[in-house]
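The structure under discussion appears below in the form of C-alpha cells.
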Amino acid sequence: MREAIRFLTPYLMRHQRTLWLGFGALLCKDLLGALLPLVIRRGIDTLQAGQGWRAVGEFAGLMIGLSLTKGFFQYWMRRLLVGVSRDLEFDLRNDIYAHLVTLSRDFFLKYPAGDVMARTTNDLNSVRMMAGPGMMYWTETMGTLVLAFAVMLSVDVPLTLAALAPAPVISLLVIFYGQRIHARFEQIQEVFSGISSRVQESISGMRVLRAYNQGDAELRAFGRMNDADLRRNLELVKTTGGFEPLLHAMIGVAFLIVLWVGGTRLLDGRISLGSFVMFQTYMGMLIWPMIAMGWVINLIQRGTASLGRIRELLNYPPAIAAPANSLRPEQLRGEIEFENVHGEYALAGVNLRISAGETVAIAGHTGCGKTTLAQMAPRLLDPASGAVRIDGADVRAYDPAWLRRSIAVVPQETFLFSMTLAENIALGVPDAPREEIERVAEIAGLGPDLAAMPQGLDTVIGERGITLSGGQRQRTAIARAILRAPSILILDDALSSVDTVTEERILRELTGVMRGRTTLLISHRVSTIRHADRIVVLREGKIAEEGTHAELVAAQGLYAALVRQQQLEEEIASI
Ligand SMILES: Nc1ncnc2c1ncn2[C@@H]1O[C@H](COP(=O)(O)OP(=O)(O)OP(=O)(O)O)[C@@H](O)[C@H]1O
Ligand SMILES: [Mg+2]
C-alpha cells in the first residue's frame with residue numbers, strides 16, 4: 001500500500017490544482033452533510049417548544065437549500081477527482097507503452113502479448129479505480145465519519161460510545177476480508193492474462209489452426225481456461241458475498257444499540273427528542289460510508305494487486321540503453337568487423353572483416369547462426385562475448401537509434417502492418433516523397449504487382465499483410481529497407497519466396513543502389529549469393545570456408561557440395 005502511494009504520487013502531483021479543488025469540494029460536501037441532522041434537531045426541538053407553521057416552513061426551506069448546495073459540491077467533487085484519475089490513466093498508459101517499446105526479445109518471450117494486453121487494459125483500469133473513485137470515497141467516508149462522531153460526542157458522550165461499540169468488529173471484518181479479496185483478485189488477473197494470450201495467439205494463428213483441424217481442440221483448451229476463470233471469480237463472489245451481509249448485520253446492531261440506549265436516555269430526559277432523532281439520522285447517514293468502506297477496501301485491494309503487475313512491466317530493464325555520449329557520425333563508411341563473436345545460442349568464435357562497399361554472402365546449414373550474426377550489427381542482439389565493430393568503433397558506443405537508421409535489415413520473417421503499401425514502405429521515414437516510394441517499389445520488383453492492385457501503392461493490406469503473397473511481402477520489406485538509403489544493407493533470406501528470374505532482376509537493381517555501400521546477403525540459395533564479392537560459409541558456429549564463388553567451387557568443400565546439390569535439383573525439376 002505504501003509503495004502504491006509512493007509510485008502514484010508523482011502522477012497525482014501533476015494535477016495538484018485540480019486535486020486541491022476536488023478535495024475542497026469534498027470537504028464542503030461533507031461539512032454540509034454533517035450539518036443536516038443538526039438542523040433537523042433544531043427543527044424538532046423548536047416544534048416541541050410550540051412554534052407554529054412559520055418555523056416549520058423556515059426549517060424545511062433551510063434543509064432544501066442545504067441539500068441543493070451539498071449536491072452542487074458533490075457534483076464538482078466527482079467531476080474533478082474522477083477526472084484526475086482519467087488523466088492518471090492516460091499518463092500511466094503512455095509511460096507503459098513508451099517503456100514497452102524499449103524492451104528486448106527476452107521480455108516478449110517471457111510475457112506473451114495477451115498478458116501484456118491484460119496488464120495495460122484491465123490492470124490499468126483497476127489502478128485508476130483505486131486512485132480515482134477509491135481515493136475519493138475513502139476521504140469522503142472518513143470525513144463523514146469524523147464529523148458525525150464529533151457532533152454526536154458533543155451532544156451525548158455515553159450514547160456515542162454505545163453507537164461505536166460494533167466498530168472494532170467491523171474493523172476486524174474489513175481486515176480479514178480485505179486480505180482474502182486481494183489474493184483472490186490477483187489470481188483472477190493472472191487467469192485473465194492467460195485467456196487474453198490464448199485468444200490473441202489463436203486468432204493470429206487461425207489459418208494454421210484451421211488447416212490442422214485444431215478448432216475443437218482449441219475450443220476445449222479455451223473452455224478449460226474459461227472454466228478456471230469462472231471458478232476463480234465465483235470464489236471472489238463467495239468472499240465478497242460473505243463480507244457484505246456481515247457488514248450489514250453489524251450496521252443493524254449499531255442501529256439497535258442507538259435505538260435502545262438512546263430511547264432509554266430520551267425517556268430519562270437526559271437528551272431531547274431532537275437529539276434522539278439526530279442520532280438516528282447520523283446512523284442512517286453512516287450506513288452508506290460503511291458499505292462504501294467495504295467497496296473501497298475491495299477497490300484498493302484490486303488496485304494494489306494490479307499496480308504490482310504493472311510495475312513488474314515498468315521495472316523490466318530496457319534492452320539496450322543508449323550510452324550517455326554516444327557516437328552519431330555524419331555518415332557510416334560501412335566497415336563491419338566481427339571479432340571472436342560468441343552468441344548465447346549459436347556462434348562459437350566468428351572472426352570476419354567486411355570492408356566498406358563490399359558485398360558479402362553468408363551461407364550455411366539451417367540453424368547455424370546466420371540470423372544471429374546479422375542481428376548483431378544493428379544491435380538487435382548483443383554478442384555474449386567478443387566484439388562487433390563498425391567503422392572501427394564498437395557498436396555499443398553508437399546511439400542505437402542512429403545505428404538502426406544507418407543499417408537496414410530485411411528480416412527473415414517480414415512483418416507488415418495493416419496500413420497501405422506506401423505507408424508500410426515508408427515506415428520510419430514519414431516525410432518520404434511519393435516518387436521515392438515509387439522508385440524503391442520498382443527496384444524491389446513490385447512494379448507488376450502494383451499495376452494489378454486496385455489502388456496500387458494505396459492499397460490497404462490486411463493484418464500482417466495477409467492479403468499479399470509471400471514474395472510480395474518480402475519485396476515490400478526490401479523496398480522498406482532501401483528507401484532509407486542505408487550505409488549497410490542486410491538481406492536475411494529476403495528473396496527466398498521469389499522465383500529465380502525475379503530474384504536475379506532484383507539483385508541486379510540492388511547492385512546499382514548499393515554501389516559504394518556494404519551489403520550482407522544471407523541465403524541458402526546459390527543463385528542469390530554466387531555474384532557476391534565474397535562468400536562465407538558458417539558451420540557449427542564458426543567460419544568454415546571463405547572465398548569467391550569460383551574459388552569455393554574449386555576448393556571442393558561444403559559450398560561446392562551445396563552448388564552440386566542445387567544443380568541436381570534444378571535438373572530434376574526441369575525434366
Ligand atoms: N531465443 C532463443 N532461444 C533459444 N535458442 C535460440 C534462440 N534464438 C536462436 N536460437 C538458436 O540459435 C541457433 C541459430 O539460430 P539462427 O536463427 O541464427 O539460425 P540461422 O542460421 O539463421 O537459421 P536459418 O537458416 O534456418 O534461418 C538455432 O539453433 C536456434 O535454435
Ligand atoms: Mg535465419
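The values are calculated or read from the model by the stated rules, or taken from the named source; none is laboratory data. Just so it is clear, the structure is predicted and the values come from calculations on it, not from any experiment. Cβ: placed from backbone, ideal geometry, glycine included. Neighbour counts: every protein chain shown. The protein model used for the area step is the full one, side chains on, heavy atoms only, and it has no ligands, DNA or RNA in it. Shrake-Rupley method; radii C 1.70, N 1.55, O 1.52, S 1.80 Å.
Report every pair of residues separated by at least 6 positions or lying on different chains whose Cβ atoms are under 7 Å apart, first residue within the stretch 396-412 and outside the structural domain of Q474 (by TED's automatic domain parsing) and closer than 18 Å to A494 by Cα, second within 16 Å of ligand 2 (Cβ to nearest atom) and open to solvent by 10 Å² or more (accessible area, probe 1.4 Å).
Within 7 Å, no pair qualifies.
Against the conditions (1) in a helix (DSSP H, G or I); (2) open to solvent by 30 Å² or more (accessible area, probe 1.4 Å); (3) modelled with pLDDT under 90, where does V258 fall short? Just the number, please.
Result: V258 fails condition (2) only.
Only residues that are modelled with pLDDT of 85 or more and open to solvent by 20 Å² or more (accessible area, probe 1.4 Å): list them for the stretch 400-409, please.
If we filter the stretch 400-409 for residues that are modelled with pLDDT of 85 or more, which is where we start, we get 402-409.
Once the filter is applied, which keeps residues that are modelled with pLDDT of 85 or more and open to solvent by 20 Å² or more (accessible area, probe 1.4 Å), the stretch 400-409 yields W402, R404, R405, V409.
Condition (residue is closer than 30 Å to R231 by Cα and either of a type in the set (D, E, K, R) or at pLDDT below 90 (or both)) applied to the stretch 142-155: is it met by at least one residue? Spell out the reasoning first.
Just the residues of the stretch 142-155 that are closer than 30 Å to R231 by Cα, to begin with: none.
No, every residue in the stretch 142-155 fails to be closer than 30 Å to R231 by Cα and either of a type in the set (D, E, K, R) or at pLDDT below 90 (or both).
Condition first: within 14 Å of ligand 1 (Cβ to nearest atom) and open to solvent by 70 Å² or more (accessible area, probe 1.4 Å). Now tell me which residues in the stretch 525-560 satisfy that.
Passing the criteria: R539, E540, K542.
Among the candidates G357, G294, G303, G308, single out the residue that is more than 30 Å from the chain's Cα centre (by Cα) and either surrounded by fewer than 22 Cβ atoms within 10 Å (Cβ to Cβ) or in a helix (DSSP H, G or I) (or both).
G357
Counting only residues that are at pLDDT 85 or above and within 16 Å of ligand 1 (Cβ to nearest atom), which one in the stretch 82-107 is most open to solvent (accessible area, probe 1.4 Å)?
Here the residue is L103.
For (1) under 29 Å from the mean Cα position of the chain (by Cα); (2) surrounded by 13 or more Cβ atoms within 10 Å (Cβ to Cβ); (3) in the same structural domain as I170 (by TED's automatic domain parsing); (4) of a type outside the set (S, T, Y), each residue gets a yes or a no:
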| position | (1), (2), (3), (4) |
| --- | --- |
| A211 | no, no, yes, yes |
| M225 | yes, yes, yes, yes |
| G274 | no, yes, yes, yes |
| L286 | no, yes, yes, yes |
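Output the number of the condition that I482 fails; it satisfies all remaining conditions of (1) assigned to a strand (DSSP E or B); (2) out of contact with any Ser or Thr (no Cβ under 6 Å at 6 or more places or on another chain); (3) more than 16 Å from ligand 1 (Cβ to nearest atom).
Unmet condition: (1).
Could you list all residues from the stretch 366-380 that are assigned to a loop (DSSP other than H, G, I, E, B) and either near ligand 1 (Cβ under 8 Å from one of its atoms) or open to solvent by 40 Å² or more (accessible area, probe 1.4 Å) (or both)?
Residues of the stretch 366-380 that are assigned to a loop (DSSP other than H, G, I, E, B), as a first pass: 366-369, 377-380.
Correct list: T366, G367, C368, G369, L380.
If only one of A422, A452 is in the same structural domain as L507 (by TED's automatic domain parsing) and surrounded by 15 or more Cβ atoms within 10 Å (Cβ to Cβ), which one is it? So that I can check it myself, show each step before the final result.
On the way: A452 fails: surrounded by 15 or more Cβ atoms within 10 Å (Cβ to Cβ).
Being in the same structural domain as L507 (by TED's automatic domain parsing) and surrounded by 15 or more Cβ atoms within 10 Å (Cβ to Cβ) holds for just one of A422, A452, which is A422.
Among the candidates R475, R464, single out the residue that is under 33 Å from the mean Cα position of the chain (by Cα) and open to solvent by 70 Å² or more (accessible area, probe 1.4 Å). Break it down into steps so the answer makes sense when it comes.
Working: R475 fails: open to solvent by 70 Å² or more (accessible area, probe 1.4 Å).
Exactly one of R475, R464 is under 33 Å from the mean Cα position of the chain (by Cα) and open to solvent by 70 Å² or more (accessible area, probe 1.4 Å), namely R464.
Inspect all residues belonging to the stretch 396-411 and state whether any of them is within 16 Å of ligand 1 (Cβ to nearest atom) and either assigned to a loop (DSSP other than H, G, I, E, B) or more than 33 Å from the chain's Cα centre (by Cα) (or both).
Narrowing the stretch 396-411 to residues within 16 Å of ligand 1 (Cβ to nearest atom): 409-411.
Those left that are additionally either assigned to a loop (DSSP other than H, G, I, E, B) or more than 33 Å from the chain's Cα centre (by Cα) (or both): 411.
Looking through the stretch 396-411, at least one residue is within 16 Å of ligand 1 (Cβ to nearest atom) and either assigned to a loop (DSSP other than H, G, I, E, B) or more than 33 Å from the chain's Cα centre (by Cα) (or both).
Out of the stretch 228-254, which residues are open to solvent by 70 Å² or more (accessible area, probe 1.4 Å) and under 25 Å from S197 (Cα atoms)?
Start the filter on the stretch 228-254 by keeping residues that are open to solvent by 70 Å² or more (accessible area, probe 1.4 Å), which leaves 230-232, 234, 237-238, 244-246, 248.
Correct list: L230, R231, R232, L234, V237.
From the list A249, A221, A217, exactly one residue is in a helix (DSSP H, G or I) and in contact (Cβ under 8 Å) with a residue 12 or more places away in the chain. Which is it?
Working: A249 fails: in contact (Cβ under 8 Å) with a residue 12 or more places away in the chain; A217 fails: in contact (Cβ under 8 Å) with a residue 12 or more places away in the chain.
Just one listed residue meets the conditions, A221.
Pick out the one residue from E339, E344, E330 that is assigned to a loop (DSSP other than H, G, I, E, B), touching a residue at least 24 places away in the same chain (Cβ under 8 Å) and either open to solvent by 30 Å² or more (accessible area, probe 1.4 Å) or of a type in the set (G, A, S) (or both). Walk me through it before giving the result.
Details: E339 fails: assigned to a loop (DSSP other than H, G, I, E, B); E330 fails: touching a residue at least 24 places away in the same chain (Cβ under 8 Å).
Only one candidate passes the filter, namely E344.
Within 16 Å of ligand 1 (Cβ to nearest atom) and without any contact (Cβ under 8 Å) to a residue 60 or more places away in the chain, is that true of K110? Don't jump to the end; show me each part of the working.
Numbers: within 16 Å of ligand 1 (Cβ to nearest atom): yes; without any contact (Cβ under 8 Å) to a residue 60 or more places away in the chain: yes.
Yes, satisfied.
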